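The values are calculated or read from the model by the stated rules, or taken from the named source; none is laboratory data. What you see is a predicted model, and the numbers here were worked out from it, not measured in a lab. We place every Cβ from the backbone using ideal geometry, glycine too, and count neighbours over all the protein chains shown.
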Amino acid sequence: MNGSDEPAAALQTGGGPPGALSFYYGHPDPDAFPLAELQEAVEITLQHHIPASLVYGPEQGPPLLLNILCRKLLRDEGLRVSTEQLFITAGASQGLDLICRLWARPGDVVLLEAPSYHEAIAVLRDYPVRLVAVPLDDEGIMVETLAGKLRQLRTEDTDVAFLYTIPTFQNPSGVTMTAERRHALAALARDEKLWIVEDDVYRDLCYEGTVPPSLFELTGRQGVLRLGSFSKTLAPGLRLGWVLAEQGAVTRLANSGLRQSAGGANPFTAYVVAEFCRAGHLEPHVARLVARYHTRRDAMLDALAATMPSGVTWTRPRGGFFVWLTLPEPLTAREVLAAAQVRGITFPTGEPFFAEGGAEGGGERHIRLPFSYVSPADIARGMDILGQAIRAPS
Ligand SMILES: Cc1ncc(COP(=O)(O)O)c(C=O)c1O
C-alpha cells in the first residue's frame with residue numbers, strides 16, 4: 001500500500017484464519033486510490049486555503065465543495081439543487097447517525113429493508129428505536145408489504161421516524177430498486193408523510209444500464225434525506241460524505257449540537273476533495289474505477305457460473321460491490337463457512353444483515369460476496385474453493 005505500514009491484506013482478513021483469502025468487507029480497492037492527484041490537492045489546500053481549512057468551518061461545509069456537488073448532481077442526474085440543500089458529513093455513516101439523533105424519538109419505529117447494510121443496522125441500534133424490516137425482492141423493497149406494515153403501525157399508534165433504504169446497488173444484495181418501485185415508494189411516502197433516508201453511496205459505480213432517478217427527485221425533493229459519500233469513489237479514510245435534502249432539513253442538521261460545537265465536518269478534507277474535483281480529477285478517476293470493478297463483477301459472475309453446484313442462486317448486480325448468494329436447503333451458510341475457512345477463504349454469512357432475524361428469513365442460507373478489492377484471479381480461485389465447500393461442507 002505505497003508506504004503504509006499496514007498492508008491491504010492485513011486490513012481485510014475479516015475474522016478468517018491468518019492468510020485466508022477474504023471476501024469479508026465492502027471495501028474499495030486500495031490499489032486504486034488516486035495518490036498523486038490527492039497529493040496535488042493537499043498541496044493546493046495548504047497553499048490557498050489556510051486558515052479556512054484548519055479552523056472551525058461553516059456548519060454546512062465549505063461553499064467551494066457545496067458548489068462542486070451542485071454541479072456534479074446537475075451533470076450526472078440533471079438535478080438542479082442549491083447549496084442550501086446540501087450538508088457535508090464525515091461520511092454517510094455519520095450522516096445516518098446525526099439523522100437518527102435528530103429525527104428519531106425513543107420508542108419510534110425505523111423501517112428498513114431485509115436484508116440491509118449490517119453497519120447501518122449497528123448505527124440504528126445505538127438509538128432507542130424499534131427496527132421493523134420489510135422484505136426485498138429483485139425489484140427492491142416490497143412497497144405493498146411496506147404499506148401494510150405502515151397501516152398496522154398507525155393502528156397501534158406507533159410513530160415511525162423514517163424508512164432507511166439503499167435503492168441503488170444495495171448492500172448486501174446488489175439489487176437496484178426499479179423505476180416503477182421507486183415511483184410507488186415515493187407516492188406512498190408522500191401520502192403517509194413518511195420520511196425516507198435514501199442511502200445512495202454506490203450510485204456512481206454503475207457497470208451496466210442506467211441508474212433510475214433517486215427517491216429525492218421522485219418525491220419532489222420533500223421528505224427525503226439522501227446520503228452520498230466519497231468513500232466508494234475516492235477513499236473511506238477521507239471520511240467525507242454529504243446529505244442532500246430540503247432546505248429546512250439541512251438547517252436542522254446544521255443547527256445540531258454536534259455541528260454547533262464542532263463546526264463543519266472535516267474542513268481540511270473537504271477542501272482537499274474540493275480541489276481534487278476542481279482540477280477535473282473526479283470524473284476520469286470514477287471512469288477508471290467503473291472499468292476496474294466491472295471487470296471484477298464479471299469475473300465473479302463467470303466464476304460462480306462455472307463453479308456453483310445446482311440449487312445455488314445469486315444476484316446479478318449492475319453496479320456497486322456485492323453479489324448475494326443463496327444456498328439450497330438444508331445447507332446453512334455457517335457450515336459452508338466452516339468448510340471454506342479450512343480451505344482458505346472467508347466471507348460473512350447472512351444473519352447480521354437481517355435486523356429482525358428469523359421471521360424475515362434470517363440470512364441463514366445467505367452469503368455476501370464483495371468483488372471490489374479482490375483481484376480477478378483471486379475471485380476465480382475463491383469461488384472455486386467456495387464451490388468445493390458447498391459440495392462437501394463437512
Ligand atoms: C450502503 C452503505 N452505506 C454507507 C456506507 C458507509 O459509508 P461512509 O464510509 O461514507 O460512512 C457503506 C459502506 O460499506 C455502505 O455500503
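Figures for the structure shown
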read-out	value
Residue, farthest from Leu35 (Cα to Cα), within segment 271-297, restricted to residues that are crowded, with 24+ Cβ neighbours inside 10 Å and either in contact with a Gly (Cβ under 7 Å, 6 or more places away or on another chain) or charged (D, E, K, R) (or both)	Arg297
Of residues in segment 115-124 being assigned to a helix (DSSP H, G or I) and touching a residue at least 60 places away in the same chain (Cβ under 8 Å), the one nearest to the ligand (Cβ to nearest atom)	Ala120
Residue in segment 306-325 that is assigned to a helix (DSSP H, G or I) and at pLDDT 95 or above present	yes
Condition check for Leu386: outside any loop (DSSP other than H, G, I, E, B), buried (at least 22 other Cβ atoms within 10 Å of the Cβ) and not polar (S, T, N, Q)	yes
Criterion (in contact (Cβ under 8 Å) with a residue 24 or more places away in the chain and either within 19 Å of Leu234 (Cβ to Cβ) or near the ligand (Cβ under 10 Å from one of its atoms) (or both)) met by exactly one of Leu86, Leu98, Leu112	Leu86
Matching residues, segment 165-194, being surrounded by fewer than 23 Cβ atoms within 10 Å (Cβ to Cβ) and out of contact with any Pro (no Cβ under 6 Å at 6 or more places or on another chain)	Thr178, Glu180, Arg181, His183, Ala184, Ala187, Leu188, Arg190, Asp191, Glu192, Lys193, Leu194
Selection count, segment 42-71, where residues are away from the ligand (no atom under 16 Å from the Cβ) and in a helix (DSSP H, G or I)	17
In segment 136-165, the residues that are over 26 Å from His366 (Cβ atoms), without any contact (Cβ under 8 Å) to a residue 40 or more places away in the chain and in a loop (DSSP other than H, G, I, E, B)	Glu156, Asp157
Matching residues, segment 53-83, being farther than 21 Å from Thr233 by Cα, surrounded by fewer than 16 Cβ atoms within 10 Å (Cβ to Cβ) and among the aliphatic types (A, V, I, L, M)	Leu54, Val55
Residue list for segment 29-41, restricted to those being in a helix (DSSP H, G or I) and within 25 Å of Ser372 (Cα to Cα)	Pro30, Asp31, Ala32, Leu35, Ala36, Glu37, Leu38, Gln39
Strands (runs of 3 or more DSSP E) wholly inside segment 166-256 containing at least 1 residues that are in the same structural domain as Gln60 (by TED's automatic domain parsing), within 15 Å of the ligand (Cβ to nearest atom) and free of Cβ contacts under 8 Å to residues at least 60 places away in the same chain	196-199, 224-229
Qualifying position, being more than 16 Å from the ligand (Cβ to nearest atom), of a type in the set (Lys, Arg) and more than 22 Å from Leu258 (Cα to Cα), among Arg75, Arg105	Arg75
